[in-house]
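Reading through the structure tokens given below for one structure.
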Amino acid sequence: MATVPDAPHPPDGPHPLDGPVETAAATPAGIFIVFEGGDGVGKSTQSQLLADWITARGREVVLTFEPGDTRIGATLRDLVLNPEWGDVSPRAEALMYAADKAQHIHELVLPALRRGAVVISDRYVDSMLAYQGAGRVLAPERVEQIARWATDDLLPDLTVLLDLDPADGVGGIEEKDRVEGAGADFHVRARLFFLDLAAADPAHYLVLPARTGIAEIAAQIRSRVASLLSAPAGTVSS
């Protein structure tokens, strides 16, 4: 079951950004799986392969992505990725990514989880922490505070991190968007932050070398996800 807090506020008091907003605390037995990693690592390919495999096992699957998989999100995606917008403040960029996530959770992810579906998302909060936090050199704790508030602290049951040297991933993309074109140092910082996040919580991460064969990667992901699918409702995450 998707990992959500028992209460919408941390134990040391109300969240400083909180107000009368929807809470994810009542989310039932859906499963939330996220694919993370740099650009060009194969997240979309592996997301689709996993979705097909789970669908064949008789489960409803919602395959989605960030930013941009809602009507509002599509506009925000253009604002953060289209180079034609010119010089965008890193803080403005972070806030637009947070807005995309808030709408994505509200409109698509939470309704699917409440139906008991398996939600597979290409990118989620870790991308914001790695790119807008480490990449843009904003205070990671402030970026996380905004991201967690925007998503109401909804955590994935599993994050699959496909790891690759940026020179071999985003470096091979010819026509880059704003983030892809942010420079080698930016992408190295993001990669290292992804790895730090995974190392800090190995129970909820699967880290795989992205240049392993597609079929081999898919098999390792299926092996890890099988235990989530077979777990009784309410016992997937701790």
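The values are calculated or read from the model by the stated rules, or taken from the named source; none is laboratory data. The structure presented is a predicted model; accordingly, all values stated were derived computationally and were not measured. Backbone-built Cβ (ideal geometry, glycine too); neighbour counts: all protein chains shown.
A few comments on the model shown:
- Residue count for region 56-74 satisfying the condition of being touching a residue at least 60 places away in the same chain (Cβ under 8 Å) and buried (at least 18 other Cβ atoms within 10 Å of the Cβ): 1.
- Qualifying residue in region 114-124 (condition: buried (at least 20 other Cβ atoms within 10 Å of the Cβ) and touching a Leu at 6+ places or on another chain (Cβ under 7 Å)): yes
- Residue tally, condition assigned to a loop (DSSP other than H, G, I, E, B) and not small (Gly, Ala, Ser), over region 106-129: 3
- Filter result (of a type in the set (Lys, Arg) and either over 30 Å from Ile31 (Cβ atoms) or part of a loop (DSSP other than H, G, I, E, B) (or both)) within region 153-191: Lys176, Arg178, Arg189
- Hits in region 55-112 (condition: among the acidic types (Asp, Glu) and closer than 30 Å to Val225 by Cα): Glu60, Glu66, Asp69, Asp100, Glu107
- A single member of Ala29, Ala24 is modelled with pLDDT under 95 and crowded, with 18+ Cβ neighbours inside 10 Å, and it is Ala24.
- Within region 125-145, being closer than 14 Å to Ala102 by Cα and surrounded by fewer than 24 Cβ atoms within 10 Å (Cβ to Cβ) holds for Glu144, Gln145.
- Against the conditions (1) exposed (fewer than 15 other Cβ atoms within 10 Å of the Cβ); (2) closer than 19 Å to Ser44 by Cβ, Ala184 satisfies every one except (2).
- Residue count for region 32-69, restricted to those that are at pLDDT below 95 and among the β-branched types (Val, Ile, Thr): 0
- Counted residues, region 179-233 - those being touching a residue at least 40 places away in the same chain (Cβ under 8 Å) and within 19 Å of the chain's Cα centre (by Cα): 25
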